[in-house]
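What follows is a short report on a single structure.
The values are calculated or read from the model by the stated rules, or taken from the named source; none is laboratory data. Values in this document were obtained by computation on a predicted structure and should not be read as measured data. Positions of Cβ are backbone-derived with ideal geometry, glycine not excepted, and every protein chain shown enters the neighbour counts. All accessible areas refer to the heavy atoms of the entire protein, side chains included, with ligands and DNA or RNA removed. Shrake-Rupley method; radii C 1.70, N 1.55, O 1.52, S 1.80 Å.
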Amino acid sequence: MKLIAELFSISLGAILVENFVLVRFMGICPFLGVSKKVDTAVGMGLAVTFVMGLSTLMTHLVQRYVLEALGLEYLQTIVFILIIAALVQFVEMFLQKSVPALYASLGIYLPLITTNCAVLGVAIYAADTSIYTVFTAVWYGVSAGLGFLLAIVLLAGIRERLETSDYPKAMEGFPVALISAALLALAFMGFSGFNI
Amino acid sequence: MKSLIESLRRGILTQNPTFILVLGMCPTIAVTTSVVNGIGMGLSATVVLIFSNLFISILRNFIPSKVRIAGYIVVIASFVTIIQMLLQAYVPTLYNSLGIFIPLIVVNCIILARAEAYASKNSPFLSALDGLGMGLGFTCSLTLISAIREILGSGSILGWHFASSGIGVFVMAPGGFLVLGSLLALFNYISQKRSADSK
């Protein structure tokens with residue numbers, strides 16, 4: 001029962017209260033770059049969620065049983081980014097071979113994920129072995145990915161509607177996306193302070 | 001000397017990483033809550049840019065092209081780790097306020113983009129200069145955004161208070177998106193007006 005409460009609180013925190021994109025400002029580049037259409041936004045969000053889950057598993061295990069065991073915590077940044085890059089490459093090759101349909105729909109987004117700072121960010125947060133166990137770390141990673149999915153789909157929905165509306169020419173592209181994101185962030189501030 | 005001026009002009013004005021290329025948005029929005037943080041982040045990224053460009057340019061003929069991105073990331077991550085240790089040792093207050101965004105310099109797209117687009121094709125000297133120009137351009141943009149946010153949000157500049165309080169929302173999440181979006185719109189407006197005038 002205590003575990004369920006903890007898992008719920010982790011999910012609530014990562015998806016709403018401390019949303020990785022809108023509250024912690026991570027993964028803004030794909031958030032702005034791949035949010036023109038809802039379909040592609042869903043694809044990107046799912047790919048990120050998948051990679052986040054896998055990478056937090058790997059990085060948490062490495063942190064717990066390699067880096068901390070050997071006293072090499074200062075190598076965290078280098079080791080984590082290499083794990084993520086290798087993992088993304090591996091996922092890409094695996095999907096290409098065994099699930100070509102999924103690969104075709106996610107294909108172009110997969111390599112982009114390596115430079116999504118939310119993936120490295122969640123790996124660094126989840127590597128705190130004093131707070132997370134292996135299981136809760138992965139749960140945290142997947143929740144953070146779902147938070148990203150929620151934010152990018154919301155923004156894509158807004159941008160699809162904005163396409164037909166009339167606004168100053170200077171606002172086209174990034175400025176209008178950023179202002180919409182500001183309004184979304186304002187809405188998400190309503191969740192701040194939520195705690196269980 | 002000529003190439004120095006050229007790379008500074010390119011980094012700060014014509015190819016400004018934040019306002020023209022729209023790269024490296026995460027630290028741009030996240031750390032610009034005060035001018036000190038903005039300048040600290042900008043200068044840290046500048047140092048990483050100069051050294052990673054220099055080393056990648058020196059190694060450009062030795063790194064096989066198939067694994068070059070992984071190679072670049074290792075070089076960049078090494079310098080980021082060095083910067084992280086230096087900040088922790090000598091400016092602990094800045095280290096604490098920048099927090100997780102120091103290790104996240106590794107995935108700042110500006111650095112990888114310059115490595116791929118410039119340092120892998122040019123001489124070490126020119127690449128280091130390009131890193132300096134781009135880094136200072138990034139620093140200038142961060143300083144501008146953080147000055148606006150600090151003045152409006154906390155009613156202070158460089159920590160000196162001229163008002164007892166500010167409009168709090170500007171130092172919180174929505175303010176970052178709003179200020180950056182408005183500035184981008186302003187620069188778009190100026191450049192559109194200029195190109196319309198010249199026709």
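Odds and ends about this structure:
- Scanning region B:1-24 for residues that are part of a loop (DSSP other than H, G, I, E, B) and open to solvent by 50 Å² or more (accessible area, probe 1.4 Å), we see that the one that is nearest to residue A:33 (Cα to Cα) is B:21.
- Here residue A:82 passes the criteria (1) facing another protein chain (nearest Cβ under 9 Å); (2) open to solvent by 60 Å² or more (accessible area, probe 1.4 Å); (3) not in a helix (DSSP H, G or I) except the one numbered (3).
- Of the numbered criteria (1) of a type in the set (S, T, N, Q); (2) farther than 19 Å from residue B:97 by Cα; (3) in a helix (DSSP H, G or I), the one residue B:146 fails is (2).
- Flag if residue B:97 is more than 10 Å from chain A (Cβ to nearest Cβ), open to solvent by 30 Å² or more (accessible area, probe 1.4 Å) and assigned to a helix (DSSP H, G or I): yes
- Taking first residues from region A:60-71 that are open to solvent by less than 30 Å² (accessible area, probe 1.4 Å) and partners that are of a type outside the set (Gly, Ala, Ser), the Cβ contacts under 6 Å between residues at least 6 apart in sequence or on separate chains come to A:60/A:134; A:67/A:73.
Table: residues versus (1) of a type outside the set (A, V, I, L, M, F, W, C); (2) more than 14 Å from chain B (Cβ to nearest Cβ).
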position	(1), (2)
A:53	yes, yes
A:58	no, yes
A:70	no, yes
A:117	no, no
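- Among residues of region B:61-88 that are more than 10 Å from every other protein chain (Cβ to nearest Cβ) and under 14 Å from residue B:107 (Cα atoms), those with a beta-carbon under 9 Å from a residue that is surrounded by fewer than 16 Cβ atoms within 10 Å (Cβ to Cβ) and among the charged types (D, E, K, R) at least six positions away or on a different chain give the pairs B:72/B:116.
- The C-beta contact set for region B:107-135 (first residue under 20 Å from residue B:67 (Cα atoms) and within 14 Å of another protein chain (Cβ to nearest Cβ), second residue acidic (Asp, Glu) and open to solvent by 10 Å² or more (accessible area, probe 1.4 Å), distance under 7 angstrom, 6+ apart or interchain) is empty.
- Condition check for residue B:157: surrounded by 15 or more Cβ atoms within 10 Å (Cβ to Cβ), in contact (Cβ under 8 Å) with a residue 12 or more places away in the chain and in contact with a helix residue (DSSP H, G or I) (Cβ under 9 Å, 6 or more places away or on another chain): no
- Test set (1) within 14 Å of chain B (Cβ to nearest Cβ); (2) in contact (Cβ under 8 Å) with a residue 40 or more places away in the chain - residue A:154 fails condition number: (2)
- Here residue A:132 meets the list (1) part of a helix (DSSP H, G or I); (2) buried (at least 16 other Cβ atoms within 10 Å of the Cβ); (3) not basic (Lys, Arg) almost entirely, failing just condition (1).
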